[in-house]
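The values are calculated or read from the model by the stated rules, or taken from the named source; none is laboratory data. No experiment lies behind these values; they were computed from the predicted model shown. Positions of Cβ are generated from backbone atoms using ideal geometry, with glycine treated the same way; all protein chains shown enter the neighbour counts.
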There are 2 protein chains.
Amino acid sequence: MVSVGSEIEVLLDRRVQACRAKDIDRLMSLYSPSIVYFDVVPPLRLTGSDAVRDNFVRWFNEYDGPIGLETHDLNIAASGDVAFAHMLHLDKGNANLSEQQSKRGFWLRSTVCCQRSNNEWLITHEHISLPVDFRTGAVLMDLVP
Amino acid sequence: MVSVGSEIEVLLDRRVQACRAKDIDRLMSLYSPSIVYFDVVPPLRLTGSDAVRDNFVRWFNEYDGPIGLETHDLNIAASGDVAFAHMLHLDKGNANLSEQQSKRGFWLRSTVCCQRSNNEWLITHEHISLPVDFRTGAVLMDLVP
């Protein structure tokens, strides 16, 4: 019998693989139609598959090649039909950044929340962010874990 | 019998009440000793009660009076011993902002993840953030839901 934690691990692995390959259909198959998404960039909140799909495609287009995405410090909690995971991502290759920053990459915080329905786990909520300097109003992209 | 969702609602209500009142002991009683916290400001990640307590006290000190904190669009999922909730907070009264911005407040995204152990629900992970403009490197504090 596969543990619930392993099922979430598989889902998260598929999520990162689909992001790297910019495979939008494979990626969206992991999200609930009623997904509520808090992304690094505006708006404050995205609701529903259509909005989240458009946002992923916008993000994919910021990379010339595949997306360099690593997962670190993954922690999963699961019970019954609800699970959550938090992790750090190292994101490399974004063409909107300086060459140096793009190569070095930057660290993101990622929280992924899942629910099981009809024996299928889907992501129903996701929250990705960067810390900011409140006083200067600047985004902090050089922080390391 | 109280539903698990209601128990989480009570916990979240206590959390906001304790924040408003700047009651650090009451607030910390809701968090697991092994809490992993992603806050709006650096560092990338806070781990453990001591670091999270210091960070809350730092935040409390940014307000002359009580903290103006409202919860909107709350959504809770709970099953067995795991639960997560996402919501928006309207945060008013921060003395580090312009008088106008402080009065108007700003919107934050908030994800709170809980686990039950020995019949007690505690927050084991929390993620709070503001969206940013990736190209200009600016924090966006005027977004509305």
Would you pick out the residues in region B:109-127 that are surrounded by fewer than 20 Cβ atoms within 10 Å (Cβ to Cβ) and either of a type in the set (Ser, Thr, Tyr) or within 24 Å of A:PRO43 (Cβ to Cβ) (or both)?
B:SER117
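Name the residues in region A:15-46 that are aliphatic (A, V, I, L, M) and in contact with a strand residue (DSSP E or B) (Cβ under 7 Å, 6 or more places away or on another chain), would you? First the steps, then the outcome.
The initial filter retains those residues of region A:15-46 that are aliphatic (A, V, I, L, M), namely A:16, A:18, A:21, A:24, A:27-28, A:30, A:35-36, A:40-41, A:44, A:46.
Correct list: A:VAL16, A:ALA21, A:LEU30, A:ILE35, A:VAL36, A:VAL40, A:VAL41, A:LEU44, A:LEU46.
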Among the numbered conditions (1) in contact with a strand residue (DSSP E or B) (Cβ under 7 Å, 6 or more places away or on another chain); (2) at pLDDT 95 or above, tell me where A:ARG116 comes up short.
(1)
Please verify whether region B:65-78 includes one or more residues that are among the β-branched types (Val, Ile, Thr), in contact with a strand residue (DSSP E or B) (Cβ under 8 Å, 6 or more places away or on another chain), within 14 Å of chain A (Cβ to nearest Cβ) and part of a helix (DSSP H, G or I).
no
So is A:VAL40 within 28 Å of B:LEU108 (Cα to Cα) and in a loop (DSSP other than H, G, I, E, B) or not?
yes
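Return a yes/no flag: does region A:12-30 have any residue that is at pLDDT 95 or above, within 27 Å of B:PHE106 (Cα to Cα), in contact with a helix residue (DSSP H, G or I) (Cβ under 8 Å, 6 or more places away or on another chain) and not charged (D, E, K, R).
Checked against the condition, which is being at pLDDT 95 or above, within 27 Å of B:PHE106 (Cα to Cα), in contact with a helix residue (DSSP H, G or I) (Cβ under 8 Å, 6 or more places away or on another chain) and not charged (D, E, K, R), region A:12-30 yields no hits at all.
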Residue hits (region A:1-10; farther than 16 Å from A:SER110 by Cα and surrounded by 15 or more Cβ atoms within 10 Å (Cβ to Cβ)) are A:VAL4, A:GLU7
Looking at (1) under 26 Å from A:ASN119 (Cα atoms); (2) among the aromatic types (Phe, Trp, Tyr); (3) more than 13 Å from chain B (Cβ to nearest Cβ), which one does A:TYR37 not meet, given that it meets all the others?
(3)
Do any residues in region A:2-23 that are in contact (Cβ under 8 Å) with a residue 12 or more places away in the chain have Cβ atoms under 6 Å from those of residues that are surrounded by fewer than 17 Cβ atoms within 10 Å (Cβ to Cβ), where the two are at least six apart or on different chains, and which pairs are they?
A:VAL16/A:THR71; A:ALA18/A:ARG26; A:ARG20/A:PRO66; A:LYS22/A:PHE60
If you check A:GLY105 against the conditions, is it crowded, with 18+ Cβ neighbours inside 10 Å and over 17 Å from A:GLU126 (Cα atoms)?
yes
When restricted to B:LEU69, B:LEU46, B:LEU88, the only residue touching an Asp or Glu at 6+ places or on another chain (Cβ under 7 Å), free of Cβ contacts under 8 Å to residues at least 40 places away in the same chain, surrounded by 16 or more Cβ atoms within 10 Å (Cβ to Cβ) and at negative phi is B:LEU46
Region B:98-126, subset on the phi < 0 side of the Ramachandran plot and of a type in the set (Gly, Ala, Ser), residue nearest to the other protein chains (Cβ to nearest Cβ)
B:SER110
From (1) of a type in the set (Ser, Thr, Tyr); (2) within 9 Å of chain A (Cβ to nearest Cβ); (3) over 21 Å from A:THR136 (Cα atoms), pick out the condition that doesn't hold for B:SER129.
(3)
Considering only residues that are of a type in the set (Val, Ile, Thr) and closer than 14 Å to A:TRP59 by Cα, look in region A:33-48 and name the one that is farthest from the chain's Cα centre (by Cα).
A:VAL41
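Any idea which of A:ASP39, A:ASP13 is surrounded by 15 or more Cβ atoms within 10 Å (Cβ to Cβ) and of a type outside the set (Gly, Ala, Ser)?
Working: A:ASP13 fails: surrounded by 15 or more Cβ atoms within 10 Å (Cβ to Cβ).
Just one listed residue meets the conditions, A:ASP39.
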